[in-house]
Amino acid sequence: MAAARSHEHEGAAVTCVDFWCNEFGMRARIALREKGVPFAFVEEDLRVRERSDLVRRMNPAHRSIPILIHGGRPVCGSLNIVEYVDEVWSDQTRRRLLPADPLERARARFWADFVDREVYGAQTRFLTSRSEAAKAAATAELLGHLRRLEAVLGDRAFFGGEELGFLDVALVPFSAMFHGYERHGGVDVAAECPALARWVGRCAERESVRGVLPSGHDMYEIHREFYDLE
Ligand SMILES: N[C@@H](CCC(=O)N[C@@H](CS)C(=O)NCC(=O)O)C(=O)O
């Protein structure tokens, strides 16, 4: 979907404000595509330090993206957006991303929060560590989190069971950095977490995921630029 300029979204019922390589924002765009919801994509370039007027107006509390704008009103926070999309656009033909069972739903939310706190946190330390010791510690931590998630997946096709669900949507954008884990830290995710790597392959068969995830190469290159890596 082509990026619209910041005023062009105004006629659209649904707009997603995001940057193409934002792991959080990919969740919102995957959820919208899973549900077949047409949306305008307004690109907010995170390489520019100042946030746009649109972001400051729509998310004054955090000034972060993604932001979903529905009927002129904002929904902020990527997991919150995925839940909102799931609530609004579920019917007989569009299955729910969150599990129907309350216990399974609570588990899916718990592990999505784990991805936000632990995986994203370790990834950031991995990319920002300047000493070899700190980088090795962050690498081990990151790999430990992936192994834990692999155990959560177990022998299911998706975290959501037979179908892609909420936790799949929350985690799969991070798989776009697996190539970067290898390039920057020598982590071979396919060898270390083979079931997780097969899960990535299954997710990538879905149009919603394929249409949103950038290539591992592009993802690594933009992170090299962001984090000033060698
Ligand atoms: N918890 C938020 C995190 C979003 C977030 O941190 N977005 C970052 C990009 S990764 C952002 O917009 N940062 C604004 C900035 O760097 O100025 C979510 O899930 O949406």
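The values are calculated or read from the model by the stated rules, or taken from the named source; none is laboratory data. These figures come from a predicted structure and were not determined experimentally. Cβ placement follows ideal geometry from the backbone for every residue including glycine, while neighbour counts extend to all protein chains displayed.
Could you grab me the full set of residues in the stretch 71-106 that are more than 16 Å from the ligand (Cβ to nearest atom) and either farther than 20 Å from Val14 by Cβ or not in a loop (DSSP other than H, G, I, E, B) (or both)?
Arg73, Glu87, Val88, Gln92, Pro99, Ala100, Asp101, Pro102, Leu103, Glu104, Arg105, Ala106
Being within 10 Å of the ligand (Cβ to nearest atom) and assigned to a loop (DSSP other than H, G, I, E, B) is the filter; apply it to the stretch 53-70 and report the residue that is nearest to the chain's Cα centre (by Cα).
Going through the qualifying residues, I end up with Pro66.
Could you please give the count of residues in the stretch 203-220 that are surrounded by fewer than 19 Cβ atoms within 10 Å (Cβ to Cβ) and touching a helix residue (DSSP H, G or I) at 6+ places or on another chain (Cβ under 9 Å)? If you could, list the steps in order and put the result at the bottom.
Step one: filter the stretch 203-220 for residues surrounded by fewer than 19 Cβ atoms within 10 Å (Cβ to Cβ), giving 204-207, 210-211, 214-218.
Add one more test, that the residue is touching a helix residue (DSSP H, G or I) at 6+ places or on another chain (Cβ under 9 Å), and what stays is 204, 206-207, 210-211, 214-217.
Of the residues in that region, 9 qualify.
Take Glu207 and tell me if it is over 16 Å from the mean Cα position of the chain (by Cα) and not assigned by TED's automatic domain parsing to the domain that holds Met26. Spell out the reasoning first.
Numbers: over 16 Å from the mean Cα position of the chain (by Cα): no; not assigned by TED's automatic domain parsing to the domain that holds Met26: yes.
So Glu207 fails the test.
If Val187 satisfies all but one of (1) out of contact with any Ser or Thr (no Cβ under 7 Å at 6 or more places or on another chain); (2) surrounded by 14 or more Cβ atoms within 10 Å (Cβ to Cβ); (3) in a loop (DSSP other than H, G, I, E, B); (4) free of Cβ contacts under 8 Å to residues at least 60 places away in the same chain, what's the number of the condition it fails?
Only one criterion in (1) out of contact with any Ser or Thr (no Cβ under 7 Å at 6 or more places or on another chain); (2) surrounded by 14 or more Cβ atoms within 10 Å (Cβ to Cβ); (3) in a loop (DSSP other than H, G, I, E, B); (4) free of Cβ contacts under 8 Å to residues at least 60 places away in the same chain is unmet by Val187, namely (1).
Would you check which residues across the stretch 132-166 are in contact (Cβ under 8 Å) with a residue 60 or more places away in the chain and either crowded, with 18+ Cβ neighbours inside 10 Å or aromatic (Phe, Trp, Tyr) (or both) and list them?
Gly160, Leu164, Gly165, Phe166
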